[in-house]
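> Quick one: the structure is below, and I'll ask about it shortly.
The values are calculated or read from the model by the stated rules, or taken from the named source; none is laboratory data. Since we're looking at a predicted model, the values are computed, not measured. All Cβ positions, glycine included, derive from the backbone under ideal geometry; neighbour counts span all protein chains shown.
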Amino acid sequence: MRNWIGAGIAAAVLAVPAGPARAWDHFAHMEVAAVAFKDLTPATRRNVARLLKINPRYTNWIVGAKRGDEDRTAFMRASTWADSIKLDPRYTSDPPSAATAGQNVGYADRSRHADWHFVDQPISPDRTPVVPARVPNAATQLPLFRAALADPRAGDDLKSYDLVWLLHLVGDVHQPLHCVSRYDAADRQGDRGGNAVRIMGNTPPPVCDDPRFCPFGPPTELHAFYDDILGAGYAVGPPQQAAERLPRPDPKLAAVTDEKVWIQEGLELARSAVYVPPIGVGDGPFAITPEYQKAAIDLARRRVALAGARLARILNETLGK
Ligand SMILES: [Zn+2]
């Protein structure tokens, strides 16, 4: 569990079984959604808006939205729903061995499905034995959601549920540490996407509009460092503005809609750009340099821009009719 989560939600956090929080912060998820929303066709926007209204949290999402901007605000906030149920007492944590762990049945499903947020593809720099990625995971669920959204026989309840999961997971798998677990002598069970790797010397998230998330300073482990590197918080304005300043992604890469390719990219980026000096083998703590932090910000911005473009393309293909 991230140890920087504020005391204000400590009670809610205590209700969650032990295990790492693993997700881009709300900020980056909403930034992905803001990028995608710009590229949605009018027909896609209409279909998406209709489906999002079925989610039980819809009225919360549009609190404070400017008049006429409800659809975009809901779309951005919907991208955080899969994380918000981790703290919702109406939902329960399901072990990956449960018979229902990989089901896709819509909002009647009150499981948190924490294992859907990542794919622990193993890497080992020191030849420590590895185990294959556990299932279900993001790689098993993304195709199910996409198929249901494209299926004319699927009901709107299921499509709405799958849409909010899709909005979230397209973001998650573009965070390289959601695509790997590193095995080494210090982590024979894997580091769970850098959750076991301690860091120091990094600066806090550049944006933090929610005092629950930032009173204890910068993240102290590698996974959270990447999750929060672009910002933290739940306000819609800052990620919306940040999305406007992102680089345009390479059109050839933006056209890649096969999630298997995205997840493989994440693995390769983890090797080539994340687990590189000053991050060594083992659990650290490793001192983050300004150069490493700047490169990490640039990487995160490129991944968010690409995730948003790809998400829009998928939605236009499946919901643009
Ligand atoms: Zn997530």
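> Within segment 36-91, which residues are outside any helix (DSSP H, G or I), among the acidic types (Asp, Glu) and more than 16 Å from the ligand (Cβ to nearest atom)?
Of all residues in segment 36-91, those outside any helix (DSSP H, G or I) come to 40-41, 53-57, 62-69, 79-80, 88-91.
From what is left, the residues that are among the acidic types (Asp, Glu) are 69, 88.
Hit for segment 36-91 is 69, nothing else.
> Could I ask something else about it? Within segment 1-35, work out how many residues are within 16 Å of the ligand (Cβ to nearest atom) and modelled with pLDDT of 50 or more.
The qualifying residues number 11.
> Going by the structure shown, is residue 267 assigned to a helix (DSSP H, G or I), touching a residue at least 60 places away in the same chain (Cβ under 8 Å) and within 30 Å of residue 71 (Cα to Cα)?
No.
> Taking the options 190, 171, name whichever one is within 29 Å of residue 313 (Cβ to Cβ), in contact (Cβ under 8 Å) with a residue 60 or more places away in the chain and surrounded by 18 or more Cβ atoms within 10 Å (Cβ to Cβ).
Among 190, 171, only 171 is within 29 Å of residue 313 (Cβ to Cβ), in contact (Cβ under 8 Å) with a residue 60 or more places away in the chain and surrounded by 18 or more Cβ atoms within 10 Å (Cβ to Cβ).
> Of all residues in segment 102-130 being closer than 22 Å to residue 147 by Cβ, within 16 Å of the ligand (Cβ to nearest atom) and of a type outside the set (Val, Ile, Thr), which is surrounded by the most Cβ atoms within 10 Å (Cβ to Cβ)?
Taking segment 102-130 first, the residues closer than 22 Å to residue 147 by Cβ are 102-109, 111, 113, 115-119.
Narrowing the set further to residues that are within 16 Å of the ligand (Cβ to nearest atom) leaves 111, 113, 115-119.
Subset that is of a type outside the set (Val, Ile, Thr): 111, 113, 115-118.
Values: 111: 17, 113: 23, 115: 24, 116: 25, 117: 26, 118: 30.
Restricting to residues being closer than 22 Å to residue 147 by Cβ, within 16 Å of the ligand (Cβ to nearest atom) and of a type outside the set (Val, Ile, Thr), the top hit is 118.
> Does residue 96 satisfy the criteria of being within 16 Å of the ligand (Cβ to nearest atom) and under 22 Å from the mean Cα position of the chain (by Cα)?
yes
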